[in-house]
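J.: Below: one structure in structure tokens.
The values are calculated or read from the model by the stated rules, or taken from the named source; none is laboratory data. Source: prediction; values computed, not measured. As a convention, Cβ positions derive from the backbone with ideal geometry for all residues, glycine included, and neighbour counts pool all protein chains shown.
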Amino acid sequence: MNKAEKAEREILAIDGMSKGDSAVHRMSPLSKLLLTIVYIVITVSFNKYDITGIFIMILFPVVGYVASGVPVSTAFWKLRIVLPLVCAVGIINPFLDREILFYLGNIGVSGGVVSFITLLMKGVFSLLASFLLVSTTPVEEICRALRQVHFPKILTSLFLLTFRYVHVLLEEVSIMTDAYHLRSPGQKGIHISAWGSFLGQLILRSSDRAGQLYDSMLLRGFQGEFYYAKGRKSAAYSWPVAIICIALAVTFRFLNIAAIFGGVII
Amino acid sequence: MIRFENVSYTYPGADEVLHDISFSIERGEKVGLIGANGAGKTTILKAALGLIQTTGTITVGGLPMSRENLSEIRKKLGYVLQNSDNQMFMPTVIEDMIFGSVNYGMSRDDAEKKADEVLKDLNIEYLKKRQNHRMSGGEKRLAAIATVLTMEPEALLMDEPSSALDPKNRRNLINLLKRLWDKSRITYVITTHDLDLVLDTCERVIILNNGRIAADGPAEVILRDQALLEANDLELPFCFAGR
């Protein structure tokens, strides 16, 4: 199995996960979508030095992953390519902002280190929340939820087609890579001299296939709406749970619970 | 059911693919559209479905081809693509089957009931919850036909339905087409190079050559005419060639 095929199987595995049955899976897609959006907005809105404030936000992904049965290790594995980018975003902060904010024993902790860790937590928590959404909600239901909040039809269609196009692209990469290696024994990867034609062919072939898939959707009445996605009945607790979670997140944003508890204990 | 009058089409930046084509297919007819590679067979199907804009007049089920009628026309015609992988885009067979019906206003429950009926008719109930990428070529082809039949089309357009099928699955396909026609007298149009399939399943044959109609008549007559077939870069069906 080549790398493209492995990547395709990983995406299919996420698709499969989203069809599971757990308390989180049974929540209405719209409530999960709104909760995820609000959670991410609140998480990224924390002050860059508010490391104790943001730490409490880990509660939501933790509870979500436990309730959904989606292993956190799987989330980290699937996000392994994006996570280093999240780290890279703030990596120069410790060099730019050297003002000491507090001491841990004798070691001074600079503002740069704190803001780097805060940024890292913001990125990781947001990615975990997004992954929880896609691993507990089929992509069509996410698109339908987006349409329910009047997200433009063209963008939801684009989102869905991009998701479908990734499969097509990876399938074509897989076929072409196999064909290439069968006629170039002993070579590792694709030789630089073949990159141009390989990429060109890949784009032509995959866009041709993507076009046919789109035609097939049009011929079966697709006009940008996701009627077929209103699948299973959502659990009655969807909205109460979402509202309570949102209320808690807002509370955590404005009340530094960790500091309050810390103060009480000390 | 389907009427083409003086239809021509040129792909952008290429030569004309269809030249002034005129023919009509009546309700309940079983038509084989044959011709060498590049003769324009698939282009005719795409034109009938409004996937390409041609010159001339195309009418489907009494409706002239226009932007307003496109949705209704596409509901009347079920199109089975040559490559089933390009046709089925949902994760599982059942989700693919209800996609079209629900888009056309059927409730999800009714669509699922209809899908169950079709799966039973085709004897492929076992594929219902199967993931689309975990099927053999023959199963994919049957599932692709099922996705189209769930929408209850008035006519089936099939592009190279027997390509990539082993003899057993090819035989299944022939039996399926015969059963479908016996049951509902559904109109179908098959484009193919498999002339034995045409002989088995169609009563009328249209030969296309370089975007023009070279012959149109009963399958039994046309498919026995070696000179005509050879003049259009085709060969006698195996059963007549005595091979």
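J.: Taking the options B:Gly35, B:Gly78, name whichever one is more than 10 Å from chain A (Cβ to nearest Cβ) and crowded, with 16+ Cβ neighbours inside 10 Å.
T.: Only one candidate qualifies: B:Gly35.
J.: While we're here: Are any residues in the stretch B:13-67 hydrophobic (A, V, I, L, M, F, W, C) and under 15 Å from the mean Cα position of the chain (by Cα), and if so, which ones?
T.: B:Ile25, B:Val31, B:Leu33, B:Ile34, B:Ile44, B:Leu45, B:Ala47, B:Ala48, B:Leu49, B:Leu51, B:Val60
J.: Which one is farthest from B:Lys41 (Cα to Cα) among residues in the stretch B:180-193 that are touching a Leu at 6+ places or on another chain (Cβ under 9 Å) and modelled with pLDDT of 90 or more?
T.: B:Ile186
J.: Another one. Mind listing whichever residues of the stretch B:119-140 are in a helix (DSSP H, G or I) and under 29 Å from A:Ile11 (Cβ atoms)?
T.: B:Leu119, B:Glu125, B:Tyr126, B:Leu127, B:Asn132, B:His133, B:Arg134, B:Gly137, B:Gly138, B:Glu139, B:Lys140
J.: Oh, and also: Hey, among the residues in the stretch B:81-95 that are touching a Phe, Trp or Tyr at 6+ places or on another chain (Cβ under 9 Å) and at the interface with another protein chain (Cβ under 7 Å from one of its Cβ atoms), which one's surrounded by the most Cβ atoms within 10 Å (Cβ to Cβ)?
T.: Of everything passing the filter in the stretch B:81-95, B:Gln87 is surrounded by the most Cβ atoms within 10 Å (Cβ to Cβ).
Condition check ((1) surrounded by fewer than 17 Cβ atoms within 10 Å (Cβ to Cβ); (2) over 15 Å from the mean Cα position of the chain (by Cα); (3) part of a helix (DSSP H, G or I)) across all residues:
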site	(1), (2), (3)
A:Val24	no, yes, no
A:Leu30	no, yes, yes
A:Thr36	no, no, yes
A:Val63	yes, yes, yes
A:Val70	no, no, no
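J.: From the residues in the stretch B:48-75 that are part of a loop (DSSP other than H, G, I, E, B), surrounded by fewer than 21 Cβ atoms within 10 Å (Cβ to Cβ) and of a type in the set (S, T, N, Q), which one is farthest from the other protein chains (Cβ to nearest Cβ)?
T.: Going through the qualifying residues, I end up with B:Ser66.
J.: Among the numbered criteria (1) surrounded by 19 or more Cβ atoms within 10 Å (Cβ to Cβ); (2) touching a helix residue (DSSP H, G or I) at 6+ places or on another chain (Cβ under 6 Å), which one does B:Glu154 miss?
T.: Of everything listed in (1) surrounded by 19 or more Cβ atoms within 10 Å (Cβ to Cβ); (2) touching a helix residue (DSSP H, G or I) at 6+ places or on another chain (Cβ under 6 Å), B:Glu154 misses just condition (1).
J.: Look at B:Leu229 and say whether it is crowded, with 21+ Cβ neighbours inside 10 Å and without any contact (Cβ under 8 Å) to a residue 40 or more places away in the chain.
T.: Spelling it out, B:Leu229 is indeed crowded, with 21+ Cβ neighbours inside 10 Å and without any contact (Cβ under 8 Å) to a residue 40 or more places away in the chain.
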